[in-house]
Amino acid sequence: MKKIIFSLLVALSSVSAAQAADANAGKEKAAVCSACHGPTGVSASPMFPNLAGQNDAYIIKQLKDFKSGARTDAMMAPMAANLSDADMADLAAHFSGLPSANEQAAASASTGSSAETAPSSAPVAGNVEVLSSTPAAAIYAGNVAAGKNKAVACAACHGADGNSLAPMYPSLAGQSANYLAKQLADFKSGDRKDPVMAGMVAALSKEDINDLAAFFAVQSTNTGTGESNEAGHKLYLGGDTKKGVTACIACHGVAGKGMKQAGFPSLTGQSKDYLKKQLASFRDASRSNDNNGIMRNIAIKLSDADIEAVAQYITSLK
Ligand code: HEC
Ligand code: HEC
Ligand code: HEC
């Protein structure tokens, strides 16, 4: 009998805990999640799971496991680290209440809006298409020795070994080959605009691009030359829950080395000036070659002071 009363009490208290969860509060807290899981819980890339319409209790359990380390994932660990039990309940209430990916796709099909608004809800064959067109899945089999010869043309600004000679020029040494090849292709197509680089890439073939990317990717770079600071450190590691800024660490990594497979660039070895310029350019969308607005959605929420602090902090990473 005692046992039954006890389990009734447990059941009752978990019901009231579920009722206390606030989907509206969850929606606000979910701003930091939208970079990967999409603003409507339908993920923007095949690498990230959909959360829309997922079971409430399952979401809470996964978040707890990411926080405790029982489930390990380099991107989710820093995201879950700062969540309280109440945050998790609110987030789960929000995502579980959203129409599922299929329902969202059906709704947008019936209103005639383009498939582009819900790319990951495309049928399986469509997903394969998306996957093969993402930088993460592309294969850049460049030739390092050929790249070295071709890189002579780049040395005046980026240095012979890809360690830049002036703060306005980014370092290329040690950067992910996927990312470098994507940037060169973007300068060529005009998706990323820069008058100097547009001239440099105009005559490059796909093979040239792959060779150059392969060469610079294997060079070593000087890192950790700058001073750290508290505000930048906080933003990089924890993001800003109030403003909905996803922590930089989730994609650029603990040491700022990025995630090569995903095409998330290394930020180490760059000058503060270059980092500030890129963040400001994502913020005003003058740089808009980031897939799904992944960086623009973050930068738009950063103040000048945030940019100053986080750029300074990144120069201290090694
Ligand atoms: C930087 C990208 C990124 C961000 C930001 C992010 N996630 Fe994730 N999330 C992932 C990845 C990647 C996985 C899959 C992990 C794996 O493979 O185990 C995942 C998995 C999950 C899962 C498990 C889903 C399942 O089906 O098992 C939940 C729940 C989740 N995320 C919730 C959140 C919430 C809530 C936020 C915001 C507070 C958030 N995520 C922010 C990348 C991200
Ligand atoms: C005259 C100077 C100059 C030369 C020569 C030059 N670049 Fe650049 N490069 C720049 C500038 C300036 C930028 C930054 C553009 C911006 O602010 O967005 C840049 C950016 C890049 C980027 C993007 C880096 C990042 O972190 O996003 C790559 C990749 C690149 N250059 C590769 C090359 C290659 C390969 C060559 C030789 C074929 C080359 N560059 C020659 C000036 C130069
Ligand atoms: C959800 C993943 C994600 C998060 C979180 C994220 N970034 Fe990025 N970032 C990217 C991707 C992807 C790119 C490359 C976009 C492209 O293809 O040009 C990028 C590019 C950049 C660049 C330009 C690098 C270069 O060499 O030109 C800077 C600077 C940057 N991010 C800083 C930050 C800072 C600071 C934060 C935290 C406030 C942050 N990022 C959070 C994914 C992310």
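Quick notes on this structure:
- Accessible surface of residue 313 - all protein chains present, 1.4 Å probe, nearest 10 Å²: 20 Å²
- Two-site label geometry, residue 149 and residue 57: point separation in nm, points 7 Å out along Cα→Cβ: 6.6 nm
- Cα gyration tensor category, rounded, prolate or oblate, for region 217-297 with a/c compared to 1.5: rounded
- Take every Cα pair under 8 Å whose residues are at least 6 apart in sequence, average their separation, divide by the length of region 230-314, and the relative contact order is 33 percent.
- Computed lengthening from residue 241 to residue 203, 0.36 nm per intervening residue step minus Cα-Cα distance: 9.2 nm
- Length added when fully stretched, residue 102-residue 292, from 0.36 nm per residue minus Cα-Cα: 66.4 nm
- Computed in the context of the full set of protein chains, the accessible area of region 193-291 at 1.4 Å probe radius has 57% of its extent on carbon or sulfur.
- Region 144-217 shape via C-alpha gyration tensor axes, a/c threshold 1.5: rounded
- Here the peptides 55-68, 242-255 are ranked by packing, the mean other Cβ count within 10 Å, and the order with the highest first is 242-255, 55-68.
- Of all aspartates and glutamates in the structure, the ones whose alpha carbon falls short of 19 Å from that of residue 188, not counting any fewer than 8 places away in one chain, are 207, 208, 211, 290.
- Rounded to the nearest 10 Å², the accessible area of residue 71 at probe 1.4 Å: 100 Å²
- Rounded to the nearest 10 square angstrom, residue 85 shows an accessible area of 100 square angstrom against a 1.4 Å probe.
- Distance between modelled label sites at residue 20 and residue 305, nm, 7 Å Cα→Cβ extension: 3.4 nm
- Cβ-Cβ distance of residue 64 and residue 109, R₀ of 41 Å, FRET efficiency by 1/(1 + (r/R0)^6): the value works out to about 0.70.
- Over 18 Å (Cα to Cα) - which of 61/242; 148/272; 182/206; 257/318; 27/242 fall in this group: 61/242; 148/272
The values are calculated or read from the model by the stated rules, or taken from the named source; none is laboratory data. Remember, predicted model here, so these are calculated numbers, not experimental data. Glycine also receives a Cβ, built like all others from the backbone with ideal geometry; neighbour counts cover every protein chain displayed. Calculation scope for accessible area: heavy atoms of the full protein, side chains included, ligands and nucleic acids excluded. Shrake-Rupley method; radii C 1.70, N 1.55, O 1.52, S 1.80 Å.
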